[in-house]
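Note sheet for the following structure.
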Amino acid sequence: MAAKPHITIVGAGNLAAALAAALLRAGYPIDAVVARSAGGSLRRAKLLARNLGATAVAASHAQIDSDLVWFCVPDGQISRAARSLAGKGAWKRTIALHSSGALTSDELSALRQRGARVASVHPLMTFVRGSRPSLAGVPFAIEGDDSAVRLARRIVKDVRGQPFPIKKRDKAAYHAWGTFASPLLIALLATTERVAVTAGVHRRTAKQRMLPIIAQTVANYAARGAAGAFSGPIVRGDADTVTKHLRVLQQTPLAREVYIALAKAALEYLPAGQRATLKKILTHG
């Protein structure tokens with residue numbers, strides 16, 4: 001495709017909204033936003049379509065005639081959505097993409113069987129309600145049929161993302177990596193708030209008081225890497241302080257488990273003093 005293809009977006013959630021807006025800014029015409037008629041899906045699709053100058057269509061009434069169809073639905077719905085649309089268009093000259101991080105392009109096999117060329121294109125970014133992050137500089141993991149991959153790479157570059165290849169067999173590990181980088185990081189921060197309560201600090205207050213050290217830690221990591229950003233009692237080999245931590249964290253057993261797991265990871269991956277002593281303390285508590 002020499003010209004920029006016309007695109008249909010399937011789904012109207014946080015990812016769909018951010019992606020569609022970036023595509024439109026990059027000059028890609030958005031024909032339609034397809035959504036389920038149940039619940040609030042179609043209502044969200046109508047709102048998104050209005051912002052894009054597109055048409056909102058219920059999946060049951062859809063007729064696909066765009067050059068490219070991009071599925072932005074939850075993982076468990078991708079294959080089902082592809083099957084439901086398989087008979088609603090001529091797919092032989094169509095590219096179909098989905099944006100699951102864990103699942104491969106084979107989720108779109110129902111469309112591949114109809115002649116579509118398919119790929120998975122996943123942005124390594126977090127999308128939550130009320131936030132629409134820029135895709136500039138965001139890595140996109142891509143795998144699938146050659147022609148679909150070529151077009152996906154071109155589109156990602158046009159939205160100022162950074163495409164890179166991923167093998168099908170590596171997608172689960174890739175997605176686990178992303179899960180550590182964002183949702184489990186949030187789980188750690190939520191656990192940290194619980195520990196603050198143990199120290200007599202209200203959770204909402206704790207969030208505000210933690211932000212400076214969190215921001216500096218991330219900045220140090222960006223500038224110096226994990227080893228250069230690591231500080232605290234483990235790097236110093238301060239066994240007495242670690243023992244005190246474990247003792248007081250008996251008040252919050254789940255947080256104590258998280259502390260032990262992360263401290264053991266620190267002993268394995270990061271600079272540490274008194275490794276043998278600290279390992280023994282963490283193992284026997």
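The values are calculated or read from the model by the stated rules, or taken from the named source; none is laboratory data. For clarity, every value in this text was computed on a predicted model and none was experimentally measured. With ideal geometry, Cβ positions are generated from the backbone for all residues, glycine too; neighbour counts draw on all protein chains shown.
Hey, does segment 168-183 have a residue that's outside any loop (DSSP other than H, G, I, E, B), in contact with a Gly (Cβ under 6 Å, 6 or more places away or on another chain) and under 30 Å from THR94 (Cβ atoms)?
Yes: segment 168-183 contains one or more residues that are outside any loop (DSSP other than H, G, I, E, B), in contact with a Gly (Cβ under 6 Å, 6 or more places away or on another chain) and under 30 Å from THR94 (Cβ atoms).
Would you mind listing the strands (runs of 3 or more DSSP E) fully within segment 1-96 where at least 2 residues are closer than 19 Å to ARG150 by Cα and modelled with pLDDT of 95 or more? Reasoning before the result, please.
Details: elements: 7-10, 30-35, 55-58, 68-71.
Because the criterion is at least 2 residues that are closer than 19 Å to ARG150 by Cα and modelled with pLDDT of 95 or more, the strands (runs of 3 or more DSSP E) in segment 1-96 that meet it are 7-10, 68-71.
Please pick out the residue among LEU262, LEU249 that is of a type outside the set (Asp, Glu), touching a Phe, Trp or Tyr at 6+ places or on another chain (Cβ under 7 Å), modelled with pLDDT of 95 or more and surrounded by 12 or more Cβ atoms within 10 Å (Cβ to Cβ). I'd like the intermediate steps shown before the answer.
Numbers: LEU262 fails: touching a Phe, Trp or Tyr at 6+ places or on another chain (Cβ under 7 Å).
LEU249 is the lone residue from the list that is of a type outside the set (Asp, Glu), touching a Phe, Trp or Tyr at 6+ places or on another chain (Cβ under 7 Å), modelled with pLDDT of 95 or more and surrounded by 12 or more Cβ atoms within 10 Å (Cβ to Cβ).
Suppose we filter LEU211, LEU188 for residues that are assigned to a helix (DSSP H, G or I), touching a residue at least 40 places away in the same chain (Cβ under 8 Å), assigned by TED's automatic domain parsing to the domain that holds ALA272 and within 23 Å of the chain's Cα centre (by Cα); which single one remains?
Working: LEU211 fails: touching a residue at least 40 places away in the same chain (Cβ under 8 Å).
Step by step, each of LEU211, LEU188 is checked, and only LEU188 is assigned to a helix (DSSP H, G or I), touching a residue at least 40 places away in the same chain (Cβ under 8 Å), assigned by TED's automatic domain parsing to the domain that holds ALA272 and within 23 Å of the chain's Cα centre (by Cα).
State which residue is farthest from ALA190 (Cα to Cα) when the search covers only segment 224-274 and only residues that are among the polar types (S, T, N, Q) and not in a helix (DSSP H, G or I). Write out each step before concluding.
Narrowing segment 224-274 to residues among the polar types (S, T, N, Q): 231, 241, 243, 250-252, 274.
Then drop every residue that is not not in a helix (DSSP H, G or I), which leaves 231, 252, 274.
Working: SER231: 21, THR252: 13, GLN274: 29 Å.
If we take residues in segment 224-274 being among the polar types (S, T, N, Q) and not in a helix (DSSP H, G or I), then GLN274 is farthest from ALA190 (Cα to Cα).
Which residues, counting only those in segment 97-118, are of a type in the set (Ser, Thr, Tyr) and either surrounded by fewer than 22 Cβ atoms within 10 Å (Cβ to Cβ) or in a loop (DSSP other than H, G, I, E, B) (or both)?
Kept after step one, since they are of a type in the set (Ser, Thr, Tyr), are these residues of segment 97-118: 99-100, 104-105, 109.
Within segment 97-118, SER99, SER100, THR104, SER109 qualify.
Does ASP158 fit the bill of being within 24 Å of LEU103 (Cβ to Cβ) and either among the basic types (Lys, Arg) or surrounded by 13 or more Cβ atoms within 10 Å (Cβ to Cβ) (or both)?
On the way: within 24 Å of LEU103 (Cβ to Cβ): no; either among the basic types (Lys, Arg) or surrounded by 13 or more Cβ atoms within 10 Å (Cβ to Cβ) (or both): yes.
Judged against the criteria, ASP158 is not a match.
Given the conditions (1) touching a helix residue (DSSP H, G or I) at 6+ places or on another chain (Cβ under 8 Å); (2) part of a helix (DSSP H, G or I), report the number of the one that ALA219 does not fulfil.
With respect to (1) touching a helix residue (DSSP H, G or I) at 6+ places or on another chain (Cβ under 8 Å); (2) part of a helix (DSSP H, G or I), ALA219 is out only on (1).
Looking only at segment 224-236, which residues are touching a helix residue (DSSP H, G or I) at 6+ places or on another chain (Cβ under 8 Å) and loosely packed, with under 13 Cβ neighbours inside 10 Å?
Of everything in segment 224-236, those that are touching a helix residue (DSSP H, G or I) at 6+ places or on another chain (Cβ under 8 Å) and loosely packed, with under 13 Cβ neighbours inside 10 Å turn out to be ALA226, GLY228.
Could you please find all residues in segment 21-36 being farther than 21 Å from VAL156 by Cα and out of contact with any helix residue (DSSP H, G or I) (no Cβ under 6 Å at 6 or more places or on another chain)? Walk me through how you get there before you give the answer.
Just the residues of segment 21-36 that are farther than 21 Å from VAL156 by Cα, to begin with: 34-36.
Residues satisfying the conditions do not exist here.
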